[in-house]
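Trainee: Below is a structure I'd like to ask you about.
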Amino acid sequence: MSRSPILRINNLSYAYEDKHVLENIDLEIYPGNFVGLVGPNGSGKTTLIKIILGLLPHKQGTVDLFHTPIHKFKDWNRIGFVSQKANSFNSEFPATVYEVVSMGLTAKVGYFRFFNKQHARKIKKAIDTVGMTDYINQNVGNLSGGQQQRVFIARAIVSEPDFLILDEPTVGVDAENVQRFYEMLRDLNKTKGMTLLLVTHDTGTMTSYATDIACLNKHIHFHGDSHTFTQMDQEDYSKMYGHDVHVVKHDH
Ligand code: ADP
């Protein structure tokens, strides 16, 4: 496995006008990592993801994706993204699972989508990967929150990205389905070798599935393997953040 990072962030700082949200961020993500990016609300997680996705130009520091500075990066097919809003799909819009997942190929095929057999195969494979084959012709609006999120993952992976970024994908998904959802992500990581960056404020379930944890609160306070993270006690977390925090943990 190549040991050069997919994502390399060096000395990144970001401010909205005079509000400093990110300071001196260094972060490297390697092929095959499953990184949980955790931090309380307002800690800068979404800002960081927007910068990584090239949506928010930064002035200080460097951000490289696949060795290319983010402002020059063009190979967006290698990146998949699932946002926290994905599970609020409008149930009035009668799109089937197959149709929603096919939208993930739009960028490649163009807006007038004439899918060939190979495209159809890819769409079915992505739906199978997330375990939604039984629902392929159902309207997405009729599915549960957890099932909808699986469909949005399928849409994000249908173009076979190397790096999948998820921003709070389990908001609105009940606890049992959160577990199943994380199991599916672990499977994508282990069997398909997909590199994952998952943003969440819920450290609990996350630490049992991610290989690595990065804690953000303006600075990166910790970045290491998730086992080391779970071994730390509440005092360590509070020292790390510089104030009292309570990190919910589950045993591995
Ligand atoms: P998180 O995703 O961890 O909740 P965000 O990156 O959304 O954190 O926000 C970090 C901080 O930046 C918060 O204090 C938020 O209010 C502020 N912020 C976010 N977006 C903007 C914006 N467009 N303009 C000004 N402040 C913002």
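The values are calculated or read from the model by the stated rules, or taken from the named source; none is laboratory data. On a predicted model such as this, the values are computed, not experimentally measured, just so you know. Neighbour counts are summed over all protein chains in view; Cβ atoms, including those assigned to glycine, are modelled from backbone coordinates with ideal geometry. Side chains included, ligands, DNA and RNA excluded: accessible areas come from the protein's heavy atoms. Shrake-Rupley method; radii C 1.70, N 1.55, O 1.52, S 1.80 Å.
Trainee: If THR68 satisfies every condition in (1) open to solvent by 70 Å² or more (accessible area, probe 1.4 Å); (2) at pLDDT 95 or above but one, which is the exception?
Mentor: Single failed check for THR68: (1).
Trainee: Answer yes or no as to whether VAL63 is near the ligand (Cβ under 9 Å from one of its atoms), in contact with a strand residue (DSSP E or B) (Cβ under 8 Å, 6 or more places away or on another chain) and part of a strand (DSSP E or B).
Mentor: It is false that VAL63 is near the ligand (Cβ under 9 Å from one of its atoms), in contact with a strand residue (DSSP E or B) (Cβ under 8 Å, 6 or more places away or on another chain) and part of a strand (DSSP E or B).
Trainee: Just to be sure I understand the filter: pairs with C-beta atoms under 9 Å, separated by 6 or more residues or on different chains, first member in region 15-29 and in contact (Cβ under 8 Å) with a residue 60 or more places away in the chain and open to solvent by less than 90 Å² (accessible area, probe 1.4 Å), second member among the acidic types (Asp, Glu) and more than 9 Å from the ligand (Cβ to nearest atom). Which pairs pass?
Mentor: Every condition considered, the pairs that remain are ILE29/ASP212.
Trainee: Still on this structure, I have one more. If you go through region 182-199 one residue at a time, how many are within 13 Å of the chain's Cα centre (by Cα) and open to solvent by 20 Å² or more (accessible area, probe 1.4 Å)?
Mentor: So the answer is 1.
This table checks each residue for (1) in a strand (DSSP E or B); (2) away from the ligand (no atom under 16 Å from the Cβ).
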position: ASN10; (1), (2): yes, yes
position: GLU23; (1), (2): yes, no
position: SER43; (1), (2): no, no
position: ILE49; (1), (2): no, no
position: GLY80; (1), (2): yes, yes
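Trainee: Of all residues in region 214-252, count the ones that are aliphatic (A, V, I, L, M) and either modelled with pLDDT of 85 or more or open to solvent by 60 Å² or more (accessible area, probe 1.4 Å) (or both).
Mentor: Our first condition is that a residue be aliphatic (A, V, I, L, M); within region 214-252, this holds for 214, 216, 220, 232, 240, 245, 247-248.
The next check asks that each one be either modelled with pLDDT of 85 or more or open to solvent by 60 Å² or more (accessible area, probe 1.4 Å) (or both); those that pass are 214, 216, 220, 248.
Selection size over region 214-252: 4.
Trainee: Tally the residues that are in contact (Cβ under 8 Å) with a residue 24 or more places away in the chain and closer than 28 Å to THR205 by Cβ, restricting the search to region 38-78.
Mentor: Residues that pass the stated criteria total 16.
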